[in-house]
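Derivation of every value follows stated rules applied to the coordinates shown; laboratory data play no part. Keep in mind that this is a model prediction, so the values were computed, not measured. In this analysis, Cβ positions are derived from the backbone assuming ideal geometry, glycine residues included, and neighbour counts consider all displayed protein chains.
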Amino acid sequence: MAQVDYAVRQTATVEQRVDAIQAALDARGFEASQAVDELGHMAQEEWLPRNGARVLARAWTDPAFRERLMADGRAAVMELGLPMPKHHRHLVVLENTPTVQNVICCTLCSCTAFTIIGLPPDWYKDLEYRARVVRESRTVLKEMGLDLPAEVEIRVWDTTADTRYMVLPEQPAHTIGWPEDKLAGIVTRDAMIGVARL
C-alpha cells in the first residue's frame, strides 16, 4: 500500500480572505479598497451614538419634535440632518416608562439603526445574546447589570429587513430643564438599545 503524504494546509484567516476578495475586486475596476476606506471612516467618524443622543435630547426638550419622532422616526431624525440608508425604511422609536422597558435585538444577525445609535457592540452580535434576550429577557438584562422589578414589563423588539428600532429612555427627573447639549451627554448606546436605564 502506497503511503499518502498528507501535507498540512493552513486555512487563510478571515482578514486574508477579505484582502484577497478586495484585491480581486480592485483588479476588476470595482474600487473595493476605496469603498472599504470610506465605510471605515463613516463607522469611526459619523455613525456614532452621539447622533442618537442628539435625537433623544431634542425629544426630551421639544414636545412637537417628540411627537414627530414617535409618529415617523426616520423623517424626524432626518430633520436633524442625520442620514439613514435607503433600506432602513422605518425607524420605530420605543418609549420606556416606569412600568415598561423596551429592548432591541436582531435574532438573525446584528442589525441596528447604525447611523443613529452607532455600530452594534460585540455582545449585541453574539448568538447567545440574540437567542436569550428573546426567551429570557429579564435574566439577560440582570446579567448585564439592569435588575428590573417584577412589575416592569419587558418588551423585546426584533429588527426586520426594513425596520430599525431605537429606545427612548425615560429622562431622569434631575435633568429636567437641562439644555440639549448637556442632556445628550448622559445618553448611552446601551440605553438606546434598552439594556440600561439612565
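Calculate the dipole size of segment 49-193 relative to its Cα centre from +1 charges on Lys and Arg beta carbons and -1 charges on Asp and Glu beta carbons; express the result in debye to the nearest 20. Mind showing how you got there, number by number?
Values: 18 positive and 19 negative charges, 80 e Å.
Dipole of segment 49-193, to the nearest 20 debye: 380 debye.
Would you mind checking the tilt of helix 14-27 against the longest principal axis of the Cα atoms of the chain, expressed as 0 to 90 degrees and rounded to 10?
80
Expressed as a rounded percentage, what relative contact order does the chain have, with Cα pairs under 8 Å and six or more residues apart?
On the way: 267 pairs, mean separation 50.7, N = 198.
Worked out over the chain, it gives 26 percent.
Go through (1) 1.19; (2) 1.11; (3) 0.98 and flag the label whose value is the computed Rg/Rh (Cα atoms, Kirkwood Rh) for this structure.
For Rg/Rh (Cα atoms, Kirkwood Rh), the calculated option is (2).
Taking the number of other C-beta atoms within 10 Å as the exposure measure, put THR188, THR112 in order starting with the fewest.
On the way: THR188 16, THR112 26.
Result, fewest neighbours first: THR188, THR112.
Taking only Cα atoms and a 10 Å spring cutoff, compute GNM fluctuations for the chain and point out the largest among ARG28, ARG135, ARG50.
Result: ARG28 has the largest fluctuation of those listed.
As I understand it, the value is the acute angle between the Cα axis of helix 32-45 and the longest principal axis of the Cα atoms of the chain; what does it come to in degrees, rounded to 10?
Here the helix axis deviates by roughly 30 degrees.
Cut-off is 10 Å between beta-carbons; in what order do LYS125, LYS182 appear when sorted fewest neighbours first? Could the numbers behind the result be given before it?
On the way: LYS125 15, LYS182 11.
Going from sparsest to densest Cβ surroundings: LYS182, LYS125.
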